[in-house]
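The values are calculated or read from the model by the stated rules, or taken from the named source; none is laboratory data. Keep in mind that what you see is a predicted model, and the values were worked out from it rather than measured. Cβ atoms come from the backbone with ideal geometry, glycine included; neighbour counts cover every protein chain shown.
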Amino acid sequence: MGIFSTLRRQIIADLDSRLAPQFYETFATSPVTVYDVGAAGGVFTPYPDGPKSWAPVIGFEPHPESYRLIMDAGLPAHVTLHNLALADQTGPITFFSGEGLDRTRSSLRPIDYIGGESTAVTVEAMILDMVPEQLSVPPADFIKLDTEGTEDIILKGGAEMLAEHILGVQVEIAFWTQQSGGVSFADIDRLLTDLGFILFDLQTNRSDVRVIGGRKDKVRSGDALYLRNFDALWSETAEQSVMRTKLLKLISLTIGWRYINYALELADFGRNHGLLDSAEFNAIAQPLVNTSDLSDRTPNLPGRMALARLFETLAYAFHPNMKKGVPFAFNGLGNHWVVRRGKASPSVVGLHCPVLKSGTVNLTKSIVVDERHDTC
């Protein structure tokens, strides 16, 4: 392990996505199942410690060569991969297979616009909602989509899974689709928002114009992260054991992405609605409130902002993959720079613009994390 990796591990909070030992049985019997749709280049998992028995990955890669390369490299123990396309129909379907370096840009839609070579081949396709029955696998709790502009086709074939099971979506997006003819970010956002998902993050790519002085041209593409608003799932008349499992899975995913405010809010919802007891709430909440932002522990020395701008400028100048004017470390999905707190845990946490309606007043919410105190 390099010096920077060692330093990072010392700084960043060690938040276990399995929450606490009293929840292990839940995740053992009903793991957080991840679907990776478009797995060329290697399968994806939202958890820092990779696919585990409580977070298995089911991958789908229709490109014959990409599928072979992944299989030849060997799969981790809790990953399965299927040489299938997900689409709006089941059975043989035309697939535009990119050649050479463009193989990862293959699609169900023609890809002539990229300028590289592609071949129309016939592959087997399946509708997302039919996957559990046809492949004897659990439905997805989290789905990652990278299918070169056909993400809408796949999502529309998963209406039941999106309504009943899926708690998070990472999706490739395009802001500029005049040439590709693929689905736009606006359409994806409308589809998922209407189903009760909330946009939590965007990673953006820009066109590169550095040859005439600067890297920041128009936003072109990127990735978006959506997490389920639990208000859209919650029902007092539903089987409460099912509600509890969904809540724990959503908290687990939210912690995996390090959106601690929402994780704490979900745990508080569970406590207030009888899905979690006080001990279970504390087991989730205490590791969260014992973290902070690294800037909270940096001395407010003279020239602090100038020094920060200097490092940002140097990173821009020297990093070849800087995302066109956006600091590299802050342009990825997730909020992973959560560090250990250097002071006592607060007894009450105040949230601004919380997600859930329960307890929200004037776009704020107070959550008691030490029940010896109250908000009065």
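Within the stretch 76-130, considering only strands (runs of 3 or more DSSP E) that don't extend past its boundaries, which have at least 3 residues that are at pLDDT 85 or above and under 24 Å from VAL43 (Cβ atoms)? Let's see the steps before the verdict.
On the way: elements: 79-82, 85-87, 91-98, 118-127.
It comes to 79-82, 85-87, 118-127.
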What pairs come out if I take residues in the stretch 291-304 that are under 21 Å from ALA263 (Cα atoms) and pair them with residues that are β-branched (Val, Ile, Thr) and modelled with pLDDT of 80 or more whose C-beta lies under 6 Å away, six or more apart or interchain? THR291/VAL338; LEU294/VAL339
When both residues are 6+ apart or on different chains and their Cβ atoms are under 8 Å apart, which pairs have a first residue that lies in the stretch 148-163 and is within 15 Å of ALA174 (Cβ to Cβ) and among the basic types (Lys, Arg), and a second that is modelled with pLDDT under 90 and crowded, with 21+ Cβ neighbours inside 10 Å? none
More than 18 Å from THR360 (Cβ to Cβ) and without any contact (Cβ under 8 Å) to a residue 24 or more places away in the chain - does that describe any residue in the stretch 244-264? no
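Has the stretch 267-283 got any residue that is surrounded by fewer than 15 Cβ atoms within 10 Å (Cβ to Cβ), in contact with a helix residue (DSSP H, G or I) (Cβ under 9 Å, 6 or more places away or on another chain), more than 28 Å from ASP152 (Cα to Cα) and of a type in the set (A, V, I, L, M)?
Scanning the stretch 267-283 turns up at least one residue that is surrounded by fewer than 15 Cβ atoms within 10 Å (Cβ to Cβ), in contact with a helix residue (DSSP H, G or I) (Cβ under 9 Å, 6 or more places away or on another chain), more than 28 Å from ASP152 (Cα to Cα) and of a type in the set (A, V, I, L, M).
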Within the stretch 269-305, take every residue that is out of contact with any Gly (no Cβ under 7 Å at 6 or more places or on another chain) and of a type in the set (D, E, K, R) and give me the one that is modelled with the lowest pLDDT. ASP296
Within the stretch 1-46, residues small (Gly, Ala, Ser) and assigned to a helix (DSSP H, G or I) come out as SER5, ALA28
Picked from the stretch 165-193 (must be of a type in the set (D, E, K, R) and at pLDDT 95 or above), the residue nearest to GLY149 (Cα to Cα) is ASP189
